[in-house]
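Enquirer: What follows is a single structure, and I will ask about it in a moment.
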Amino acid sequence: MSGPGYPPPNQPPYPVPQPGGYSVPPYPMAQPGYGDPTQPTPPPGFSVYPQPGGYQSPPPHGYQPSPQPQPGAYQGPPPHGYQPAPIAQPGGYQPGPLSPPHGYQPAPTNAGPSPAQDPHNKVTPYSAVPTGVPPGLEYLTQIDQILVHQKVELLEAFIGFETNNKYEIKNSMGQKIYKATEKNDCCTRNCCGSLRHFNMKITDNNDQEVIHLVRPYKCASCWCPCCLQELEVQAPRGTTIGYVVQTWHPFLPKFSIQNASRETVMRVVGPCFACNCCGDINFELKTKDEGASVGRISKQWSGLLKEVFTDTDNFGIQFPLDLDVKVKAVLLGACFLIDFMFFEKTGEMSQRNTVLS
């Protein structure tokens, strides 16, 4: 005889398989709230079968229903720029740094050069250019010294055939800023010698003419005070900005630096004997009344071989930094006039050393 709730001996063990593969326990199971006299009567409409609309029986212990959207609340995607509020971490929790896996290589991007590498992103500092500066002479406003180097002409050095003089004009660091070329014909160069008239073209590094010099044919001796040397300075070509005029003196070479109105603004005074024997020859740049020296034009010693066998000369010009840029250009012209007058040798003719010769 079997005990209460246990299957009889001739019944299969628990659970009892049913047709269709569904198994049920061998004894009846009381459903909570239905058929149990200890439970209250279910409300009207209660059913143990699922009803349309969701779960109808009491929820499991600890179940938290999901929040239901409120009428009128925004349900679409978050607006542009929306930043969710940070999630509070447990007290004292600090997330550790995340490192990429070993061997990870980020994918290349084509975002272009960074602002520091982009050449079009550089800001060029603005520098004010003084008004009234002839085009191409802006750099002269920033310097107080010029070096003038005459280029060696091989034909002239070996056979004595006079060629057009060529010069390189550099700053104090030896950087070329201009170049000067004499424009003259063969007959004038070799027949008139150092007294020849000429046109000289001074160009910048872009081969643009910035200064034009005009020297007429005149005498250089103190015995002819009415026809002394003169040089006209134009910048740009066709616009006269000043003159270099030789001033009569029985022993000293003197020159007046004049503006476009032929008003004397400075003077240049040279030594009585312009011969450089292993040393420089200085032509002092003085104020209009010759009371103070403010600069100089120096014929520099070029070395024994160059001085003896060629007429290649090197000059240095010093002037105040705040000097009018037009006057600086006229001083450059005075340097070329001094070179032709005292340091130019043509053929068998020796160079002049004084104003008496």
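Enquirer: In this structure, is SER302 surrounded by fewer than 21 Cβ atoms within 10 Å (Cβ to Cβ), touching a strand residue (DSSP E or B) at 6+ places or on another chain (Cβ under 7 Å) and at pLDDT below 90?
Expert: Answer is yes for this residue.
Enquirer: So, one more: Of all the residues that make up the range 165-191, how many are in a loop (DSSP other than H, G, I, E, B) and within 15 Å of VAL214 (Cα to Cα)?
Expert: So the count comes out to 3.
Enquirer: Also: What is the residue count in the range 193-221 for residues that are in contact with a strand residue (DSSP E or B) (Cβ under 8 Å, 6 or more places away or on another chain) and either of a type in the set (A, V, I, L, M) or more than 17 Å from LEU231 (Cα to Cα) (or both)?
Expert: 11
Enquirer: When only residues in the range 121-164 that are in a helix (DSSP H, G or I) and at pLDDT below 75 count, which is surrounded by the most Cβ atoms within 10 Å (Cβ to Cβ)?
Expert: GLU156
Enquirer: Kindly list the number of the only condition in (1) surrounded by fewer than 17 Cβ atoms within 10 Å (Cβ to Cβ); (2) in a strand (DSSP E or B) that fails for CYS272.
Expert: (2)
Enquirer: Only residues in the range 332-345 that are free of Cβ contacts under 8 Å to residues at least 24 places away in the same chain and farther than 14 Å from GLY316 by Cβ count as the first member; pair them with residues that are crowded, with 21+ Cβ neighbours inside 10 Å and hydrophobic (A, V, I, L, M, F, W, C), Cβ under 7 angstrom, at least 6 apart or cross-chain, and list the lot.
Expert: Short answer, once both residue conditions are applied: none.
Enquirer: While we're here: Looking at the range 235-269 only, could you name the residues that are of a type in the set (D, E, K, R), over 14 Å from MET341 (Cβ atoms) and part of a strand (DSSP E or B)?
Expert: ARG267, the sole residue that qualifies.
The values are calculated or read from the model by the stated rules, or taken from the named source; none is laboratory data. Just so you know, these numbers come straight off a predicted model, no measurement behind them. Heads up, the Cβs are rebuilt from the backbone with ideal geometry, glycines too, and the neighbour counts pull from every protein chain shown.
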